[in-house]
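The values are calculated or read from the model by the stated rules, or taken from the named source; none is laboratory data. Here the structure is a predicted model, which means the values were calculated and not measured. Here the Cβ is made from the backbone with ideal geometry for all residues, glycine too, and neighbour counts use every protein chain on show. Accessible surface is based on the protein model in full, side chains and every heavy atom, while ligands, DNA and RNA are left aside. Shrake-Rupley method; radii C 1.70, N 1.55, O 1.52, S 1.80 Å.
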Amino acid sequence: ASTGSEPAASRMLDRLTPQELQVVRMAAEGTSSREIAAQLFLSPRTVEYHLYKAYPKLGVASRRELARLRDVL
């Protein structure tokens, strides 16, 4: 059964770049910026930048809030 939130969630994800989506998914799982950076061959600062750009697109302000979106990501 659809809850009605799925289309809204997919629209939110459509706003993210592929790199932002990848970083956000890993961060939502609890992976640290340093670990994400190592796995994606980025600098930790670049990872933080992607999160900074993605948060407003997802309507969140922190990693804790991001974790609540884990099921949607």
Please compute the contact order of the chain in relative form: average sequence separation of alpha-carbon pairs under 8 Å and at least six residues apart, divided by the residue count, as a percent.
40 percent
On the accessible surface of the chain, probed at 1.4 Å with all protein chains in place, carbon and sulfur together account for a percent value of 51 percent
From the helices alone, meaning DSSP H stretches of at least four residues, give me the mean residue ellipticity at 222 nm for the chain, per-run term -39500 (n - 2.57), in deg cm²/dmol to the nearest 500.
-20000 deg cm²/dmol
Stretchable slack from Thr46 to Glu65, in nm (0.36 nm times residue separation minus alpha-carbon distance)
4.8 nm
Here, trypsin sites (Lys or Arg not before Pro) of the stretch 4-73 satisfying both criteria (DSSP loop; at most 16 other Cβ within 10 Å) are Arg15, Arg70
Hey, what angle do you get for helix 18-28 against the long axis of the chain, alpha-carbon based, 0 to 90 degrees rounded to 10?
90 degrees
Would you mind computing, in nm to one decimal, how far apart the modelled labels at Ser10 and Arg34 are, each placed 7 Å from Cα along Cα→Cβ?
3.9 nm
Given a 1.4 Å probe, the accessible area of the chain per residue, as a whole number of Å², is 67 Å²
